[in-house]
Amino acid sequence: MGLDTPAFRAFRGTEPPRFASPAELECAKVLDYYGVPWEYEPRTFVLEQDEDGRVTEAFTPDFYLPEQDLYVEITVMKQSLVTRKNRKLRKLRARYPDVKVKLFYRRDLERLAQHFHLDIAS
Amino acid sequence: MGELGAEIAHDYAGREPILVGSLKASLVFIADLSRALPILHAIDFVELAGYGSAQMGGHEQIRVLKDLDLDIRGRDVLIVEDVVDTGLTLNYLSRTFELRGPASVAAVTLLDRPYRRLVDDLPVRYVGFVVPDELFVGYGFDIDERYRELPDLRLLHLSADRR
């Protein structure tokens, strides 16, 4: 996706981030503005493997905040459509109980957008 | 307010904290809190250009629109927030103040939405109310600079075209 990405200051990753949605880009800009170090999709968590060890289900949270040791997944899907994502999140928490992950729903993003005057249209 | 004041007075007995109001929404809260705080204390204000605000002016890093007038070195600083939500603003303020060598930095917030935190390591020591995911106006809270003057907090229900 051809989203224009500014030169981030608090980005701590190695590869330039390629955001999948305007909402992700706006969240990155907010984190950057407040100087909160962040990485973009730095880790993929294996959720399910078949008998041969092949990965059949995985989950890659959008952001990682190293100072908070927190993964953040954002979704602009309507609440009624996030069931699959919620299920993945439950699996992740069950399989990686020490990993802190937070899901920001559309409603959360709309509140943030109102507060920060964001353009999160997907 | 009386309960908050009494709790803070107990914890800061024998000291003289500086209440630092984060403008603008905390204005009414800090005025009431100060009058409910029966110990000596100073008052100062700070204002940051919030992301997306008119004051941001295209800057990509946070800007301090109004810095402290008082020297906080060796002093007990109590940041007075209207609401702690993601924690981004309070995180920036507390880290900035810590660099100036205060005796301590803590925060009191009128409203708290802990379920929306992006930053957890915050010095929030006193909380007025944990509130649901609703918009409030009045008592210093605004929407587009309106309704701050309402004497108490009110729930705001936006029509569909304002969402």
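Just a few scattered comments:
- Here residue A:30 qualifies as under 22 Å from residue B:94 (Cα atoms) and assigned to a helix (DSSP H, G or I).
- In the stretch A:24-56, residue nearest to residue A:76 (Cα to Cα) [restricted to those that are open to solvent by less than 30 Å² (accessible area, probe 1.4 Å) and over 13 Å from the mean Cα position of the chain (by Cα)]: A:30
- Every listed requirement among (1) in contact (Cβ under 8 Å) with a residue 12 or more places away in the chain; (2) in contact with a Gly (Cβ under 7 Å, 6 or more places away or on another chain); (3) of a type outside the set (Asp, Glu) is met by residue B:104 save one, (2).
- Candidate set: the stretch A:41-75, residues that are within 14 Å of another protein chain (Cβ to nearest Cβ) and among the β-branched types (Val, Ile, Thr); chosen: the one farthest from residue B:121 (Cα to Cα): A:74
The values are calculated or read from the model by the stated rules, or taken from the named source; none is laboratory data. What you see is a predicted model; the values in this text were computed from it and never measured. Note: ideal-geometry Cβ built from the backbone for every residue, glycine included; neighbour counts use all protein chains shown. With ligands, DNA and RNA removed, areas are computed over all heavy atoms of the protein, side chains included. Shrake-Rupley method; radii C 1.70, N 1.55, O 1.52, S 1.80 Å.
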